[in-house]
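Take a look at the structure below.
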Amino acid sequence: MDDQSSEKQKAHRIALELEYDGSSYCGWQRQLSPELPSVQVHVERCLSSIADEPVTVFCAGRTDKGVHASGQVIHFETNKDRGDKAWVIGVNSLLPASIRVRWAHEVRADFHARFSAISRRYLYLLHESRIQSAHMHQLVTQVPFELDVEAMQRAGQNLLGEHDFSAFRAAGCQASTPWRSVHWLNVVRINRFVVVDVQANAFLQHMVRNIVGMLLEVGRGMQLPDWGRELLISRDRTAGAITAPAQGLYFVKADYPTEFGLPESDLGPIFLQPFS
């Protein structure tokens, strides 16, 4: 057996679920300037330390500056068999407190955190308060007025199904097609919080934040619920609302075919079940 075949046999592909507070980072992706902190750089550095070899990671969905995650899935390859405990406890002992590995699982060679995912789910948290919270200002988006949640819910239903979401994509979005399929979009009130819960096969850059921007205009009575449908038809981003801030957005789950045997998330029912 040649050295190349032996090396292939030794390779392990490991999937991890990450939770992170994105407030201090320039987003998930490694930046050209080493002075700009990213979640990816911290994770790769700590994994490389445990593996004692360079490690490159791939994620289910790249999050922007200030966006959080409670169920980001990544994968990497290594020639070292450290065991799941080392990839969780060992890596967490090196990571900053704002990033945590929740579970680790060795997967088949054909698993890919991005390309194997069949859906992604985000939550957006709005806090109705005239005064910005000292504790939550980087974790929620404050709105100084009461929102019409029923109108927002009706507006969201216009986006269900497969559509051209050009009116909700960032100008710099590099996706090859604007077509996406939204599985559900629900808006609920929990005390003084309004939660937007949306799942799709995939999302365009800023798509969720632009959808929330539209919902906020409906919720404050500036637009009617049918506005979302009108924007879809127009395919014109300039006709839409402003992009909602990053700090209210959470990447909470990526789903994969059961054949990969990934562990179930233990984040609790608010993150695991669609709002009704």
**Backbone HN-Hα couplings from phi across the range 56-71 [Karplus 6.51/-1.76/1.60, Hz, Gly and Pro as x]** = 10, 10, 10, 10, 6, x, 6, 9, 7, 3, x, 8, 9, 8, 10, x
**Request:** Working from Cα positions, state the angle (0 to 90°, nearest 10) between the long axis of helix 207-219 and the longest principal axis of the chain.
**Result:** 20 degrees
**Request:** List the trypsin sites (Lys or Arg not before Pro) within the range 90-122 that fall in a DSSP loop (any state other than H, G, I, E or B) and whose Cβ has at most 12 other Cβ atoms within 10 Å.
**Result:** ARG108
**Message:** If you fit an axis through the alpha-carbon atoms of helix 39-51 and take the longest principal axis of the Cα set of the chain, what angle between them do you get, 0 to 90°, nearest 10?
**Reply:** 20 degrees
**Asked** Taking the C-alpha atoms of the range 119-252, how large are the radius of gyration and the largest Cα-Cα span, Dmax, in Å?
**Response** 13.9, 42
**Request:** Alpha carbons only, please: Rg and Dmax for the chain, in angstrom.
**Result:** 19.8, 70
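Can you give the net charge of the other residues whose Cβ lies under 10 Å from the Cβ of ALA246, counting K and R as +1 and D and E as -1?
Local net charge: +1.
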**Complete:** Ranked on Cβ counts within 10 Å of their own Cβ, fewest leading, LYS253, LYS65, LYS85 go LYS85, LYS65, LYS253
**Prompt:** Given a cut-off of under 8 Å on Cα pairs at least six residues apart, what relative contact order in percent is computed for the chain?
**Reply:** 22 percent
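How big, in percent, is the set of alpha carbon pairs in the range 83-145 lying more than 19 Å apart?
Tail of the P(r) past 19 Å holds 62 percent of the pairs.
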**Request:** Quick one: which residues, 5 or more positions from LEU18 or on another chain, have an amide H under 5 Å from its amide H? H modelled 1.01 Å from N in the peptide plane, none for Pro or chain starts.
**Result:** GLN72, VAL73, ILE74, ARG102
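Which three semi-axes in whole Å describe the equivalent ellipsoid of the range 1-159, each the square root of 5 times a Cα gyration tensor eigenvalue, listed largest first?
37, 19, 13
Read-outs throughout are calculated quantities, based only on the coordinates presented, and are distinct from any laboratory measurement. This structure is a prediction, so every number in the text was calculated from the model and none was measured. Cβ coordinates were reconstructed from backbone atoms using ideal geometry, including for glycine residues, and neighbour counts include every protein chain displayed.
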